[in-house]
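Colleague: Dropping the structure in here first, questions after.
The values are calculated or read from the model by the stated rules, or taken from the named source; none is laboratory data. Everything numeric here is computed off the predicted structure, so don't read it as measured data. With ideal geometry, Cβ positions are generated from the backbone for all residues, glycine too; neighbour counts draw on all protein chains shown. Side chains included, ligands, DNA and RNA excluded: accessible areas come from the protein's heavy atoms. Shrake-Rupley method; radii C 1.70, N 1.55, O 1.52, S 1.80 Å.
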Amino acid sequence: MKDDARRILDLNWKDGFTIPTKNLYPFQWNWDSGFTSIGLSHYNLNSAIKELNSLFSGQWQNGMVPHILFHSENEKTYFPNFDFWESSVNKGAPNKPKSSGITQPAVHGFVIENLLNKYPDDQHLISFIKDIYPKIINSHRFFYKYRDPLNEGLTFIFHPWESGRDNSPLWDKALDQIKFSQNDIPSYERRDISIAPAEERPTSYQYDRYVYLLQLGKENKYEEIGIFEESPFLIQDTLMNMVLIRSNESMIKVGKRFGLDTGELEEWQQQSIPKFREKLWNEELRTFTPYDLRNNEQIEFKEIGGISTLFANIPSQKQAKDLNNYLISLHDRGFYICPSFDVDSPLFDSKRYWRGPIWPQMNWMIYHGLENYNFHSTAEIVKTDLLELIEMHGFYEYFESQKSVAFDLSKGYGGNDFSWTAACALDLSNII
Ligand code: DGY
């Protein structure tokens with residue numbers, strides 16, 4: 001398993017950064033790179049450092065780290081490509097590498113803490129961390145300065161791709177409310193469904209709305225003021241905010257070790273954590289839910305973003321216990337844990353992207369979250385479930401969550417030879 005994981009990371013290494021998988025995602029993706037760096041650090045710390053340096057070479061002047069960096073302009077298998085995004089409409093976007101105009105969960109703070117825990121005295125790592133530290137703070141500042149106009153300590157997303165959970169049913173209502181005619185969006189050709197099976201990917205109905213929101217961002221030069229006023233999709237997401245809070249916590253720890261100023265980070269935490277607990281907790285569902293700023297309501301579904309809050313120490317002991325019991329009940333009912341969406345909802349679809357499958361990087365975060373609360377045996381299941389799926393089906397992007405169905409399949413879903421799957425497998429299988 002470990003040898004295969006290394007082979008995949010090497011296969012996807014492109015002289016300075018790692019692609020998630022060839023053909024389907026042939027560039028550098030933001031949060032993928034974070035997890036990949038953790039995987040690389042097991043056998044090549046230098047590459048793990050390069051991975052993050054490469055990602056931050058695309059940071060915008062406003063602090064945003066884009067969700068995709070198009071390091072090569074010759075790669076044509078992906079849509080929407082650099083020419084469609086046109087990041088140059090924003091004055092603060094670097095000319096090279098070209099990028100998308102949206103962001104993704106801010107994993108980099110906890111990633112550098114992870115590397116430092118592995119190599120606490122490595123001088124090359126320490127000097128890298130001192131160099132990237134202010135850049136990471138600046139990327140957090142972007143969220144608080146531009147994505148929190150209500151000053152709540154909770155950041156908004158204006159595109160489902162930012163949440164990392166592209167086609168989760170969480171976004172269905174907000175996407176349904178987008179009214180436009182086909183003439184309002186440019187014609188485009190999807191590439192993903194000629195590479196991965198269409199039934200494992202978002203629908204064309206959803207894709208049209210992704211393109212609509214992309215256009216809206218571009219027309220506003222990817223500037224938040226206009227986007228906040230105009231976007232029909234404006235959501236304070238659980239996962240997005242959880243990751244930011246978790247990375248703030250890591251940055252405080254790392255900063256303290258080097259005697260750096262952590263005041264700003266601590267202020268963010270003091271505002272964000274209580275607000276998250278108050279605004280996003282749903283008493284009836286006993287989980288945390290995203291908040292739709294346009295409809296002024298919680299998005300009431302049980303799904304993986306709510307569960308992942310364990311990773312940032314957000315739930316109280318009682319709330320954490322409920323989340324843990326929920327995971328155990330899914331395990332007892334014959335599911336791999338943790339499915340990305342409520343298995344009892346009619347919207348659950350165990351093979352379609354974020355509507356039900358198991359995702360490696362989510363298991364990685366939830367494993368550590370359960371460990372935070374001393375739910376060791378559930379953490380162990382979350383770890384071994386993922387490793388078993390990889391053993392059985394290969395290093396895929398995501399996996400079937402119903403055991404009875406999974407046993408009859410010969411492979412996972414989405415892209416194969418996937419970097420974060422390899423990285424998470426390498427990291428988790430090194431934990432005894
Ligand atoms: C894709 O292309 O499907 C990605 O998830 C968006 O970044």
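Colleague: Any residue at all in the range 13-25 that's touching a residue at least 12 places away in the same chain (Cβ under 8 Å), surrounded by fewer than 22 Cβ atoms within 10 Å (Cβ to Cβ), within 16 Å of the ligand (Cβ to nearest atom) and closer than 17 Å to Ser100 by Cα? Steps first, answer last, please.
Modeller: Taking the range 13-25 and keeping what is touching a residue at least 12 places away in the same chain (Cβ under 8 Å), we get 13-14, 16-25.
Those still in the list that are surrounded by fewer than 22 Cβ atoms within 10 Å (Cβ to Cβ) too: 13-14, 16, 22-24.
Going one step further and asking which of them are within 16 Å of the ligand (Cβ to nearest atom), we end up with 22-24.
Subset that is closer than 17 Å to Ser100 by Cα: 24.
Yes - at least one qualifying residue is present in the range 13-25.
Colleague: Select, from Phe180, Phe128, Phe158, the only residue that is over 18 Å from the mean Cα position of the chain (by Cα) and closer than 30 Å to Gly356 by Cα.
Modeller: Values: Phe128 fails: closer than 30 Å to Gly356 by Cα; Phe158 fails: over 18 Å from the mean Cα position of the chain (by Cα).
Checking each option against the conditions leaves just Phe180.
Colleague: Answer with yes or no whether His140 is buried (at least 21 other Cβ atoms within 10 Å of the Cβ) and within 16 Å of the ligand (Cβ to nearest atom). I'd like the intermediate steps shown before the answer.
Modeller: Working: buried (at least 21 other Cβ atoms within 10 Å of the Cβ): yes; within 16 Å of the ligand (Cβ to nearest atom): no.
When the stated conditions are applied, His140 does not pass them.
Colleague: Something else: Under the condition of being under 22 Å from Glu264 (Cβ atoms) and open to solvent by 60 Å² or more (accessible area, probe 1.4 Å), which residue from the range 109-137 is nearest to the ligand (Cβ to nearest atom)?
Modeller: Lys135
Colleague: Is at least one residue of the range 85-96 within 16 Å of the ligand (Cβ to nearest atom) and either in contact with a Phe, Trp or Tyr (Cβ under 6 Å, 6 or more places away or on another chain) or of a type in the set (Gly, Ala, Ser) (or both)?
Modeller: yes
Colleague: Among what's in the range 162-178 and is open to solvent by 10 Å² or more (accessible area, probe 1.4 Å) and in contact (Cβ under 8 Å) with a residue 12 or more places away in the chain, pick the residue that is nearest to the ligand (Cβ to nearest atom).
Modeller: First, pick out the residues of the range 162-178 that are open to solvent by 10 Å² or more (accessible area, probe 1.4 Å): 166, 172-173, 176-177.
Still in the list and also in contact (Cβ under 8 Å) with a residue 12 or more places away in the chain: 166, 172-173, 177.
Values: Asp166: 5, Asp172: 17, Lys173: 20, Gln177: 21 Å.
Ranking the qualifying residues of the range 162-178, first place goes to Asp166.
Colleague: Give Leu370, Leu426 a once-over and let me know the one that is in contact with a His (Cβ under 7 Å, 6 or more places away or on another chain), touching a residue at least 40 places away in the same chain (Cβ under 8 Å), under 20 Å from Asn117 (Cα atoms) and crowded, with 21+ Cβ neighbours inside 10 Å.
Modeller: Values: Leu370 fails: in contact with a His (Cβ under 7 Å, 6 or more places away or on another chain).
Only one candidate passes the filter, namely Leu426.
Colleague: Something else: Does any residue of the range 260-269 turn out to be touching an Asp or Glu at 6+ places or on another chain (Cβ under 6 Å), of a type in the set (A, V, I, L, M), surrounded by 15 or more Cβ atoms within 10 Å (Cβ to Cβ) and not in a helix (DSSP H, G or I)? Before you say what the answer is, go through the steps one by one.
Modeller: Restricting attention to the range 260-269, the residues satisfying the condition of being touching an Asp or Glu at 6+ places or on another chain (Cβ under 6 Å) are none.
For the range 260-269, residues touching an Asp or Glu at 6+ places or on another chain (Cβ under 6 Å), of a type in the set (A, V, I, L, M), surrounded by 15 or more Cβ atoms within 10 Å (Cβ to Cβ) and not in a helix (DSSP H, G or I): absent.
Colleague: Return yes when Asp292 is modelled with pLDDT of 95 or more, closer than 15 Å to Ile102 by Cβ and among the acidic types (Asp, Glu) and no when it is not. Reasoning before the result, please.
Modeller: Details: modelled with pLDDT of 95 or more: yes; closer than 15 Å to Ile102 by Cβ: no; among the acidic types (Asp, Glu): yes.
Against the criterion (modelled with pLDDT of 95 or more, closer than 15 Å to Ile102 by Cβ and among the acidic types (Asp, Glu)), Asp292 does not qualify.
Colleague: I'm trying to understand the selection: among the residues of the range 49-80, which are within 14 Å of the ligand (Cβ to nearest atom), open to solvent by 10 Å² or more (accessible area, probe 1.4 Å) and within 20 Å of the chain's Cα centre (by Cα)?
Modeller: Our first condition is that a residue be within 14 Å of the ligand (Cβ to nearest atom); within the range 49-80, this holds for 65-70, 75, 77-80.
If we keep only those that are open to solvent by 10 Å² or more (accessible area, probe 1.4 Å) as well, we get 75, 77-79.
Hits for the range 49-80 are Tyr78, Phe79.
Colleague: Please determine, by comparing only the residues of the range 187-218 that are more than 22 Å from Pro26 (Cβ to Cβ) and part of a loop (DSSP other than H, G, I, E, B), which one is farthest from the ligand (Cβ to nearest atom).
Modeller: Ser187
Colleague: Would you mind finding the one in Gly39, Gly92, Gly101 that is in a loop (DSSP other than H, G, I, E, B), surrounded by 23 or more Cβ atoms within 10 Å (Cβ to Cβ) and small (Gly, Ala, Ser)? Can you show your working first?
Modeller: Working: Gly39 fails: in a loop (DSSP other than H, G, I, E, B); Gly92 fails: surrounded by 23 or more Cβ atoms within 10 Å (Cβ to Cβ).
After applying the criteria, what remains is Gly101.
Colleague: Could you look through the range 283-331, keep only residues that are of a type in the set (Phe, Trp, Tyr) and either touching a residue at least 60 places away in the same chain (Cβ under 8 Å) or assigned to a loop (DSSP other than H, G, I, E, B) (or both), and pick out the one that is least open to solvent (accessible area, probe 1.4 Å)? Give the derivation first.
Modeller: Restricting attention to the range 283-331, the residues satisfying the condition of being of a type in the set (Phe, Trp, Tyr) are 288, 291, 301, 311, 326.
Remaining after also requiring either touching a residue at least 60 places away in the same chain (Cβ under 8 Å) or assigned to a loop (DSSP other than H, G, I, E, B) (or both): 291, 301, 311.
Numbers: Tyr291: 35, Phe301: 55, Phe311: 5 Å².
Here the residue is Phe311.
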